[in-house]
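Engineer: Provided herewith is a single structure, encoded as structure tokens, for subsequent inquiry.
The values are calculated or read from the model by the stated rules, or taken from the named source; none is laboratory data. Being a predicted model, the structure only gives us computed values, none of them experimental. So basically every Cβ, Gly included, is an ideal-geometry build from the backbone, and we count neighbours across all protein chains shown. These area figures cover heavy atoms from the full protein model, side chains too; ligands, DNA and RNA do not enter into them. Shrake-Rupley method; radii C 1.70, N 1.55, O 1.52, S 1.80 Å.
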Amino acid sequence: MIGRLNHVAIAVPDLAAAAAQYEDRLGAKVGAPQDEPDHGVTVIFVEVPNTKIELLCPLGEDSPIRGFLDKNPSGGIHHMCFEVEDILAARDRLKAEGARVLGSGEPRIGAHGKPVLFLHPKDFNGCLIELEQI
Ligand code: CO
């Protein structure tokens, strides 16, 4: 059901410092910061040849990644995003198998302007999974 790994997201305490590290030290192509007020994050995408790295920093008072950074003050891997062809079919199949979809269960528009859903980390070995319809 899942397709390509679209990105790995890393929560970071200092977005500019993290972006500079990927650009200057690792020589990666780094995009511009984008505020995602609906998701409570500011993101920077780092392009590598076979996938992307999404650097995430809290935006606003009740950012969903604030708690993660409180527990992991120097940052850490926050989620992985896999591509799916039909997000509603994927959601319904996963729910029928007992997996929990976060939030309302309805897809929201993600950082690439495409519908996304998140699956509960407790159902996937402690890893938050994002599905993005391509
Ligand atoms: Co993501």
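Engineer: If GLY110 satisfies all but one of (1) more than 13 Å from the ligand (Cβ to nearest atom); (2) touching a strand residue (DSSP E or B) at 6+ places or on another chain (Cβ under 8 Å), what's the number of the condition it fails?
Structural biologist: (1)
Engineer: Under 8 Å between Cβ atoms, at least 6 apart or on separate chains: pull out the pairs that start in segment 7-23 with a residue that is within 29 Å of LEU131 (Cβ to Cβ) and end on any residue that is of a type outside the set (A, V, I, L, M, F, W, C) and more than 16 Å from the ligand (Cβ to nearest atom).
Structural biologist: Note: pairs meeting the criteria are ALA11/ASN72; PRO13/PRO73; PRO13/SER74; GLU23/LYS29.
Engineer: Could you identify the single residue in PRO73, PRO58 that is of a type outside the set (A, V, I, L, M, F, W, C), out of contact with any Lys or Arg (no Cβ under 9 Å at 6 or more places or on another chain) and either more than 16 Å from GLN133 (Cβ to Cβ) or open to solvent by less than 30 Å² (accessible area, probe 1.4 Å) (or both)? If you could, list the steps in order and put the result at the bottom.
Structural biologist: On the way: PRO58 fails: out of contact with any Lys or Arg (no Cβ under 9 Å at 6 or more places or on another chain).
Just a single option satisfies the conditions, and that option is PRO73.
Engineer: I need the full set of residues from segment 45-60 which are in a strand (DSSP E or B) and either away from the ligand (no atom under 14 Å from the Cβ) or of a type in the set (A, V, I, L, M, F, W, C) (or both), in order please.
Structural biologist: So the first thing to find is which residues in segment 45-60 are in a strand (DSSP E or B), and the list is 45-48, 51-58.
Across segment 45-60, the qualifying residues are PHE45, VAL46, GLU47, VAL48, ILE53, LEU55, LEU56, CYS57, PRO58.
Engineer: Going by the structure shown, is VAL84 under 14 Å from VAL8 (Cβ atoms), open to solvent by less than 30 Å² (accessible area, probe 1.4 Å) and touching a residue at least 60 places away in the same chain (Cβ under 8 Å)? If you could, list the steps in order and put the result at the bottom.
Structural biologist: Working: under 14 Å from VAL8 (Cβ atoms): no; open to solvent by less than 30 Å² (accessible area, probe 1.4 Å): yes; touching a residue at least 60 places away in the same chain (Cβ under 8 Å): yes.
Criteria not met by VAL84.
Engineer: Something else now. Between residues in segment 44-55 that are open to solvent by 30 Å² or more (accessible area, probe 1.4 Å) and residues that are near the ligand (Cβ under 10 Å from one of its atoms), which pairs lie under 6 Å by C-beta distance while being six or more apart or on different chains?
Structural biologist: Matching pairs, first to second residue: LYS52/HIS7; LYS52/PHE45.
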